[in-house]
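No value in this document is a laboratory result; all are computed from the given coordinates. Nothing here was measured: the structure is a model prediction, and the numbers come from that model. We place every Cβ from the backbone using ideal geometry, glycine too, and count neighbours over all the protein chains shown.
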Amino acid sequence: MATIFATTFDFNPPSAATWFYFALLLSVALFWKFSRLFSIRNLDVLTLPLLVPGLLLLRESHEEDWFGYLWLLSGSAYLLFRCFLDLSLVSRPALSPNLNLGGLSWLAGALFLGLIAVAARLPKETSRQSDKAPAVMSHVEKPIERVVENTAPATALDVQLWVARGLTLACHLAIVLGLMFVGGRHFQDWQAGVASATYYLLLPYAILLLPYTRLSVAQWYHVWPMALVVWAIFAYRIPTLSGALLGLAAACYFPILLFPIWLSFYWGRGAGRFAAAFGLTAGPCMGIIVWTWWVGGELAHSVQSVLSLPAWQPWLEPISETSGLWRDIHWAYRMPLFIAYLAMLGVSALWPWPKNLAHVLALSAAAILGVQFWYADQGGVYILWYLPLLLLLMFRPNLADRRPLPIQRETDWLGRLRRWLGRLFLWLLRGPRSAVSVR
């Protein structure tokens, strides 16, 4: 009996190539519109898994494979073009998936449960590979790991491992739920929302805890910023909440590039409160990071390391440990790409005008995709930084009327709060009136 039980629950994840082909076949069966062969939806179904072969090349090569990075950047260039093309796609026909809402929900739940099972059975030595964190996060982790090791040295590795797995699963769940609610609330189509969440779990990029790749996309700090961005999209009708969520995401440095696009989106309709909420959340987050460095006694070293990191400064030569295409191409060519990227951000902040939700989705994805070309360290592998935005582009309807609501001063909560504070201030200046009337 024990042998039967052990054999039944002896779960082994498929290989990377097997999962890729399985996901491609299943995605065609679920989302391909056989009645409209020449549609943008069918093109997206074939091209969203476009980057997987590049990841497979990097996984299988024992040395740095420049062709794998070239494949990733070439696929990123196409996806960048797809984002700009989406700006011209105003009329979008309603193309529902080939599976109903109940079936999609069941499949999404089953895929997420499989992700949990893999996280529980993933070997320790696989999870503790030499993955690279973003510069800021890597310096934050060091004092935290030191505290854990001093508190429970015997179980420090297990604690760090399970905390990382739990955070990764929680961030994936937040993205999945966010995609569902954005589709149900703002697309007014729950089937489209559940379809985008199912496709997110189906694509090989989302199966981060499987030992498919030794690249740095297998850590929680590459997932949680996009979880906050997805929920900022869901809360776009509340500029204060949306700005607070985007400010929290900006602590991981790359979502801060979205600020000009979102500010122009809210211009004249709550831009001030959006910017204030962004600053009030991003500032304390950076303060906590600096405090963590100070507690660990590494404030000066960490600040100097972050500010001098050549990976995000294209005018500096990358260090010898840098992985990516820029090991084989002279680093000076990063500078014109960086200048073109800054020009793209400037144009995106000003055009189109006024912006709707579809413009924000396309331009936000393009802003993050553009980083892949000039970022020196493993540029092209940070797919989870923009994947949820591409899925929302794929399943979105016509969003020309999805704009921030005008601020009604009479009914706005912030206006009422200001008026109440004004009356309170005047009352404090005048003093309380005597209850005894003078006759």
* To do: May I ask you to derive the FRET efficiency for Glu317 and Phe67 from their Cβ-Cβ distance with R0 = 22 Å, giving the value to the nearest 0.05?
  => 0.45
* Stretch gain in nm, segment Trp267-Trp420, where the contour uses 0.36 nm per residue and the Cα spacing is subtracted -> 52.5 nm
* Structure fact -> For the range 12-117, the Kirkwood Rh over every pair of distinct alpha carbons, in Å, works out to 16.1
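Mind ranking 265-276, 78-89 by how tightly packed they are, going by the mean number of other C-beta atoms within 10 angstrom, highest first?
265-276, 78-89
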* **Simple label model, 7 Å out from Cα along Cβ direction - Trp190 to Ser35, nm** => 2.3
